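Here is the structure we will look at.
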Amino acid sequence: MDEPGIETVRRIAALARLDVGADEARELARQFERILGHFQVLARLDVAGVEEAAGPPHSADQRRADLPRPSLGLEQVLAQAPARVEGFYRVPKTVGGEE
């Protein structure tokens, strides 16, 4: 695998704050290369005469009425919590390190 592909993986990993080892970087670079190859095949397709689609088919645009309805009670909600403290969900801290 060429170094530019691996360097791209390392830059992306750094932006995502991921620790990627050398073996994993080589494998990811190979996967990216295959993915980009698929896009290159698509870019070469003759799409003359193919109608452009700006979104899902019209039939997929079905929405329910936005009507008020009763919500779950506090005990029902907290029964699903992984942990609770004084009537609140307790979740692991995800930003800024450990508590």
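Of note:
- Here the sum of -39500 (n - 2.57) over DSSP H runs of 4 or more residues, divided by the residues of the chain, equals -13500 deg cm²/dmol at 222 nm, to the nearest 500.
- Cα-centred dipole magnitude for the chain, charges only on beta-carbon of K, R (+1) and D, E (-1), debye, nearest 20: 360 debye
- Listed residue (Val41, Val20, Ala54) projecting farthest to the positive dipole end of the chain, Cβ model: Ala54
- The alpha-carbon atoms of the range 1-52, seen along their principal axes, cover 46, 22, 14 angstrom, with the largest extent given first.
- Label-point gap, in nm, between Leu78 and Leu42 - each point 7 angstrom along Cα→Cβ: 4.8 nm
- Over the chain, relative contact order from alpha-carbon pairs under 8 Å, at least 6 apart, %: 15 percent
- Ligands, DNA and RNA left out, the 1.4 Å accessible surface of the chain is 56% carbon and sulfur atoms.
- Rolling a 1.4 Å probe over the heavy atoms of the protein chains gives the chain an accessible area of 94 Å² per residue.
- Axis of helix 3-15 versus longest Cα principal axis of the chain: the two differ by about 20°, to the nearest ten degrees.
- Of interest is the spacing of the C-alpha centroids, which for the range 66-99 and the range 1-25 amounts to 37 Å.
- Building the convex hull from the alpha-carbon atoms of the chain and averaging its projection over directions returns 13.6 nm².
- The long axis of helix 22-44 is offset from the longest Cα principal axis of the chain by roughly 70 degrees.
The values are calculated or read from the model by the stated rules, or taken from the named source; none is laboratory data. Because the structure is a prediction, the values reported are computed rather than measured. Backbone-built Cβ (ideal geometry, glycine too); neighbour counts: all protein chains shown. Areas reflect the complete protein model, heavy atoms only, side chains present, ligands, DNA and RNA absent. Shrake-Rupley method; radii C 1.70, N 1.55, O 1.52, S 1.80 Å.
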